[in-house]
Amino acid sequence: MSLKDLYAKLLSIGHIALIPTLPLQPPFPIGYKPELTYKYHAGNPGHGLETCYAFKKRLLELIKIG
């Protein structure tokens, strides 16, 4: 299952929720890509789902609790 599909499934069953964050201000961190956005961080630019540490950390938490 792709991360995108997994994200949609977890969101639909309530195991994750959107995390609103403030938009980043310069100086931007290494790897910042303003053209990439996704819903987990309320659509803020900076990175995609594949490189989101917060989402991956939440996945690991869900795996640990079964």
*asked:* I'm trying to understand the selection: among the residues of the stretch 27-66, which are open to solvent by 50 Å² or more (accessible area, probe 1.4 Å) and among the hydrophobic types (A, V, I, L, M, F, W, C)?
replied: Phe28, Ile30, Leu36, Ala42, Leu60, Ile63, Ile65
*Kindly indicate whether any position in the stretch 1-14 is open to solvent by 60 Å² or more (accessible area, probe 1.4 Å), modelled with pLDDT of 85 or more, outside any loop (DSSP other than H, G, I, E, B) and of a type in the set (Lys, Arg).*
yes
_Cβ pairs under 6 Å, 6+ apart, first in the stretch 53-66 and within 24 Å of Ile30 (Cα to Cα), second open to solvent by less than 100 Å² (accessible area, probe 1.4 Å)_ = Phe55/Tyr40; Arg58/Ile16
*Residue in the stretch 15-26 that is modelled with the highest pLDDT, counting only those that are surrounded by 10 or more Cβ atoms within 10 Å (Cβ to Cβ) and under 23 Å from Glu61 (Cα atoms)*: His15
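Among the residues of the stretch 49-63, is there at least one that is part of a loop (DSSP other than H, G, I, E, B) and within 13 Å of the chain's Cα centre (by Cα)?
Yes, because at least one residue in the stretch 49-63 is part of a loop (DSSP other than H, G, I, E, B) and within 13 Å of the chain's Cα centre (by Cα).
The values are calculated or read from the model by the stated rules, or taken from the named source; none is laboratory data. This one's a predicted model, so the numbers in the text were calculated from it and none came from an experiment. All Cβ positions, even for glycine, are placed from backbone atoms using ideal geometry, and neighbour counts span all protein chains on display. Ligands, DNA and RNA are excluded from the accessible area calculation, which covers all protein heavy atoms including side chains. Shrake-Rupley method; radii C 1.70, N 1.55, O 1.52, S 1.80 Å.
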